[in-house]
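Asker: The structure is given below, and queries will be raised subsequently.
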Amino acid sequence: MPRFTGDNAAANAALLEPVRTVAEAHGATLGQIALAWVHQQAAVHGLPVVPIPGTRKPGRVEENTSATRITLTEQELALLEPIAAKVAGPRYANMAFTSAGRE
């Protein structure tokens, strides 16, 4: 997972600071802020958007669901928007990995 190793890991970890700031302001987790951001993209783009996070624990289902009650301000959205374009490294070292375990 190239995004989580070496220099990429350090660069990407630094990108979490604005997410932490917004999460603290809402008393939320970083994951909840990420889900709230995705959910609000419906209003931003005028398209229906429904985030579908995976989870293995009942507590995470509650946590994820509560993200729908978080409304990010215009300033928070502006703070979060540029993060994705700054992510360092490819998602997978080998694109064949993307289908691993799905057959």
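Asker: What's the longest uninterrupted piece of the chain once you rule out the trypsin sites (Lys or Arg not before Pro) that are loop residues per DSSP with at most 13 other Cβ within 10 Å? Present the calculation step by step, with values, prior to reporting the outcome.
Answerer: Working: sites that count: 56, 91, 102.
Longest site-free region, per DSSP loop and neighbour criteria: 1-55.
Asker: Could you work out the relative contact order of region 2-90? I mean the mean sequence separation of Cα pairs under 8 Å and 6+ apart, divided by the number of residues, in percent.
Answerer: On the way: 72 pairs, mean separation 36.1, N = 89.
Result for region 2-90 is 41 percent.
Asker: Another question about this same structure. What is the spin-label model distance, in nm, from residue 65 to residue 12 if the labels are put 7 Å beyond Cα along the C-beta direction?
Answerer: 3.0 nm
Asker: I would also like to ask the following. Taking θ as phi - 60°, what are the ³J(HN,Hα) couplings along region 65-71 by the Karplus curve (6.51, -1.76, 1.60), each to the nearest whole Hz, with x for Gly and Pro?
Answerer: Per residue, the Karplus-derived 3J(HN,Hα) values read 5, 5, 5, 5, 8, 9, 10 Hz.
Asker: Can you tell me what the convex hull of the Cα atoms of the chain projects to on average, as an area in nm²?
Answerer: Quarter of the Cα hull surface area: 8.1 nm².
Asker: For residue 92 and residue 25, calculate 0.36 nm times their separation in residues minus their Cα-Cα distance, and state this gained length in nm to one decimal.
Answerer: Details: separation 67, 0.36 × 67 = 24.12 nm, distance 3.28 nm.
The span from residue 92 to residue 25 would gain 20.8 nm if fully extended.
Asker: Could I ask something else about it? Can you grab the distance from the C-alpha centre of region 1-42 to the C-alpha centre of region 43-66, Å, no decimals?
Answerer: Their Cα centres are 15 Å away from one another.
The numbers here are math on the coordinates, done by the rules we state, and not lab data. Not measured: the values here are computed from a predicted model. Cβ coordinates were reconstructed from backbone atoms using ideal geometry, including for glycine residues, and neighbour counts include every protein chain displayed.
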